[in-house]
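> So that we are looking at the same thing, I have put the structure below in structure tokens.
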Amino acid sequence: MQAMYLDRDYRPRRRRQGFFGRFWPLLLLIVVGIVLYETQPTWLVARPIEPTPTPTRSAVSFLAEADAALMRGDYSAALDAYEKMVQLEPNNPDPLVVKSRLYMIEGDVASAHAVAARAVELAPENPEALTVLARAEDWLGNYEEAVRRALDAYDLNADSAETLAVLSEIYADIGNYAQAQTYIDEALAVAPDDVLALRNRAYLLEKLGKYDEAIQSLDRALAQAPQRADLYLEKARIYRVGLADFDNAILAYRAAVDANKTPVTLDALGEGLYNAGDHLAAIRTLNDALDMNPDFGPALVHLGMALYARRNYEDAATAFDKGLPLIGDTAREEHYYTAGLAHVYKEPRECKEALPWLNKALEKNAESGPALTGLNLCSRSETGG
């Protein structure tokens, strides 16, 4: 045996391995892997990544957002927040009531009426809902319905300063000033600093021709709510229409813009500047309003008036043609005949475009001198005169 290992030509004979013999380590690894996978603890299993859910906002959070917007006089943002509350709580009349009040402040009576009606539908015996609906009916000229709704609210809560103030406003519009005075006195006895009561007291005093006292009442209201641009606008109207004090009217209009710069307040300032004879400043201000809302009808019509005063008949006619259909029946005789004359005085003369506006003026006043002048000029043009 020893010699065997010394022989260089000797090679040990290798034993041939079968398939299992060659690949058993690999098979072992596969079997172990399967066992480990089937028996692994759950904490080792990779879980799919799930997005973090967005927290759902509550109605209370939107209420806080609305209150903050009201404090800074941003009624548009407040309305958006209350609308989100309505979406979360569609059967809750409270945010609808507040929305109606805000729409009234902004002068959107149709929207105020719609949400107030919905609030009453949800809560027929809610005095606040009945009160805001009554006020919207009053502003729409539905006085009988306004009285009925307001008295229903009064029967449910005779100590509500808001209901008493609205009753005063309705009776002032009807012309029953004695009853209006009784209700406003009761409202202020309940809440001496109530903004609506002070505003409606000013409204009654204005109707009675007591303009200085009306302004004092509005000043008291503004002391409580300095962000209320609508109160400055009412103050400006009394200065302009009641007292013919254009300087103080312009100051009040500017204060309204400072409190809340919107197409409404800019339009009011622009109209005030036009009435004060500052046509260039009026045009600049009205264009600012239209930059914010190019389809704001009142600003377009007032711009037409200011442009006409500057003898810019072409641009005036364009502004009237766009603006008058937007304001509908609120257009006055002077708006219609000025629109017609803008077309008449254009070069070349546009009688075909002028006639509808001149006829609208005559529907308002069959003896409208400027409208008749425009028709006469067009008649002479047709006959070559």
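> State all residues of the range 95-121 that are among the charged types (D, E, K, R) and in contact (Cβ under 8 Å) with a residue 12 or more places away in the chain; if no residue qualifies, say none.
Lys99, Arg101, Glu106, Arg118
> Here are some residues: Arg332, Arg349. Which one is over 23 Å from Tyr274 (Cβ atoms) and either among the basic types (Lys, Arg) or at pLDDT below 95 (or both)?
Arg349
> Same structure, new question: Among the residues of the range 63-75, are any more than 14 Å from the chain's Cα centre (by Cα), modelled with pLDDT of 90 or more and closer than 27 Å to Val264 by Cα?
The answer is no, given that none of the residues of the range 63-75 is more than 14 Å from the chain's Cα centre (by Cα), modelled with pLDDT of 90 or more and closer than 27 Å to Val264 by Cα.
> Quick one: which helices (runs of 4 or more DSSP H) lie wholly within the range 73-129 and hold at least 1 residues that are polar (S, T, N, Q) and surrounded by fewer than 20 Cβ atoms within 10 Å (Cβ to Cβ)?
Ranges flagged: 75-88, 109-122.
> Only one of Asp173, Asp138 is under 24 Å from the mean Cα position of the chain (by Cα) and closer than 30 Å to Leu251 by Cβ; which?
Asp138
> Follow-up question, since we're still on this one. Can you pull out the residues in the range 255-274 that are surrounded by fewer than 17 Cβ atoms within 10 Å (Cβ to Cβ) and within 16 Å of Tyr308 (Cα to Cα)?
none
Here is a yes/no grid of residues against (1) surrounded by fewer than 17 Cβ atoms within 10 Å (Cβ to Cβ); (2) of a type outside the set (Ser, Thr, Tyr); (3) touching a residue at least 60 places away in the same chain (Cβ under 8 Å):
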| position | (1), (2), (3) |
| --- | --- |
| Gln216 | yes, yes, no |
| Ala221 | no, yes, no |
| Lys235 | no, yes, no |
| Val241 | yes, yes, no |
| Ala244 | yes, yes, no |
| Tyr253 | no, no, no |
| Leu280 | yes, yes, no |
| Arg284 | yes, yes, no |
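Each row is one residue, and each column tells you yes or no for (1) outside the structural domain of Arg101 (by TED's automatic domain parsing); (2) out of contact with any Gly (no Cβ under 6 Å at 6 or more places or on another chain); (3) more than 19 Å from His113 (Cα to Cα).
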| site | (1), (2), (3) |
| --- | --- |
| Arg149 | yes, yes, no |
| Ala161 | yes, yes, yes |
| Ala178 | yes, yes, yes |
| Ala202 | yes, yes, yes |
| Lys207 | yes, yes, yes |
| Arg220 | yes, yes, yes |
| Gln227 | yes, no, yes |
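> Name the residue that is surrounded by the most Cβ atoms within 10 Å (Cβ to Cβ), counting only residues in the range 337-385 that are more than 14 Å from Thr318 (Cα to Cα) and among the β-branched types (Val, Ile, Thr).
Per the stated criteria, the residue is Thr373.
> So, one more: Of the residues Gly297, Gly323, only one is at pLDDT 95 or above, surrounded by 21 or more Cβ atoms within 10 Å (Cβ to Cβ) and within 22 Å of the chain's Cα centre (by Cα); which?
The unique qualifying residue is Gly323.
> Give all pairs with beta carbons closer than 7 Å in which a residue from the range 372-385 that is closer than 18 Å to Ala342 by Cβ meets a residue that is at pLDDT 90 or above and among the β-branched types (Val, Ile, Thr); count only pairs at least 6 apart in sequence or on separate chains.
Gly374/Val344; Leu377/Val344; Cys378/Val344
The values are calculated or read from the model by the stated rules, or taken from the named source; none is laboratory data. Predicted model, so just to flag it, every value in this text is computed and none were measured. Cβ coordinates were reconstructed from backbone atoms using ideal geometry, including for glycine residues, and neighbour counts include every protein chain displayed.
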